[in-house]
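J.: Take this structure first; my questions come after.
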Amino acid sequence: MSKWWIGGAPYTCENARFMTNLNKGHPHGPGQARGSVFPVPLVHSGYSLWLEHITDKKEGTEAFWLMWYDQRGAPTIPASGAMWPDQLREMIAQLSAFVDPK
């Protein structure tokens, strides 16, 4: 049973199409499930933003998603920002060009 509920439904590290790959990556902290790409969040200002390993449940392919969590470690939204490795590379390139224009 999930310890977190969103919109009246238990949070289970997955949605209709994707699930967090709990066999990869790092936990969000002591006693937490694995799945994070990095050992620390991308953003941490009370709420935290994590890049997580995911698996497409239908295709079995690997991808990533961005998930926001509150101060207690509960996910803040039922939706996810899923992306494939090529999309993540393109996102990084665009963000890098924006932050450090040449």
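J.: Just need a number here: residues in the range 16-50 that are in contact (Cβ under 8 Å) with a residue 24 or more places away in the chain, within 12 Å of the chain's Cα centre (by Cα) and closer than 17 Å to Ala79 by Cα.
T.: The number of residues fulfilling the criteria is 4.
J.: May I pose another question? So which residues in the range 50-85 are farther than 12 Å from Val37 by Cβ and among the small types (Gly, Ala, Ser), if there are any at all?
T.: Once the filter is applied, which keeps residues that are farther than 12 Å from Val37 by Cβ and among the small types (Gly, Ala, Ser), the range 50-85 yields Gly60, Gly73, Ala74, Ala79, Ser80, Gly81, Ala82.
J.: If you don't mind, another one. I'd like to know if the range 59-81 contains one or more residues that are at negative phi, touching a Phe, Trp or Tyr at 6+ places or on another chain (Cβ under 8 Å), hydrophobic (A, V, I, L, M, F, W, C) and not in a strand (DSSP E or B).
T.: Among the residues of the range 59-81, at least one is at negative phi, touching a Phe, Trp or Tyr at 6+ places or on another chain (Cβ under 8 Å), hydrophobic (A, V, I, L, M, F, W, C) and not in a strand (DSSP E or B), which makes the answer yes.
Coordinate-derived values only; no laboratory data. All values reported here derive from a predicted model rather than from experimental measurement. Don't worry about glycine lacking a Cβ; one is built from the backbone with ideal geometry, like all the others, and counts go over all protein chains shown.
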